[in-house]
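Notes follow once the structure below has been shown.
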Amino acid sequence: MLFGFALAMDAFAVSVVAGLEEPHMSRPRAVRIAGCFSLFQIAMPLLGWILVKTAAGLLTQLERVIPWAALIVLVFLGSKMIIEGLKGGEGSSMSVAGDGELLAAGVATSIDALSVGLATEHLGAAQAFAEALIIGAVTYAVCSFGIRAGKDLGSALTKKAPLLGGAILIAIGLRIFFS
């Protein structure tokens with residue numbers, strides 16, 4: 001569960017951004033966002049576990065690419081939000097909840113979960129799967145809370161929400177890159 005909370009923090013921040021962007025978000029859309037982050041948080045530790053069990057040599061090359069990928073995706077999404085927010089209007093036409101942006105954010109925020117899988121080579125398949133499911137369940141709960149918090153804040157900050165949300169995404173990308 002502690003892994004789940006630690007790994008869910010980036011997805012939580014992006015969930016808050018989604019709520020900020022769309023303060024009147026429907027329940028199905030909120031479920032889709034939290035579900036997407038949860039599925040990626042389940043898949044990445046499993047992928048890491050599979051990689052460490054089958055292709056250890058590939059891991060060294062992969063470690064160098066991961067921070068760059070997260071940085072590029074999150075800075076792109078954040079910059080796009082800020083630009084759209086500066087254009088004016090009630091909010092941004094770009095939404096983290098859009099299918100392409102949501103998938104990109106799901107991958108970018110779950111990359112650190114890959115390292116958890118890399119560190120679990122001692123686990124059997126059932127244990128690795130159970131750990132990934134727990135991480136996913138915690139992520140879903142944390143992201144659902146984040147969306148709700150963002151929606152509450154978004155109602156008060158409607159015109160500034162895209163600027164704040166974009167800045168948050170860029171900050172997450174920079175944190176992943178430099179850590």
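The set of residues in the range 17-46 that are surrounded by fewer than 18 Cβ atoms within 10 Å (Cβ to Cβ) and not small (Gly, Ala, Ser) comprises 23, 24, 27, 28, 29, 31, 32, 39. Here are 31, 107: which of them is modelled with pLDDT of 85 or more and farther than 23 Å from residue 120 by Cα? The match here is 31.
Considered as a group, the residues in the range 145-160 that are surrounded by 14 or more Cβ atoms within 10 Å (Cβ to Cβ) and small (Gly, Ala, Ser) include one that is modelled with the lowest pLDDT, and that residue is 154.
Only one entry of 174, 133 meets the criterion of being modelled with pLDDT of 80 or more and either within 15 Å of the chain's Cα centre (by Cα) or not in a helix (DSSP H, G or I) (or both), and that entry is 174.
Might you check whether a residue that is more than 22 Å from residue 141 (Cβ to Cβ), over 13 Å from the mean Cα position of the chain (by Cα) and at pLDDT 85 or above occurs anywhere in the range 68-79? Checking the range 68-79: not a single residue is more than 22 Å from residue 141 (Cβ to Cβ), over 13 Å from the mean Cα position of the chain (by Cα) and at pLDDT 85 or above.
The values are calculated or read from the model by the stated rules, or taken from the named source; none is laboratory data. All figures in this text were calculated on a predicted structure; none of them were measured in a lab. For neighbour counting, all protein chains shown are included, and Cβ atoms are generated from backbone atoms with ideal geometry for every residue, glycine included.
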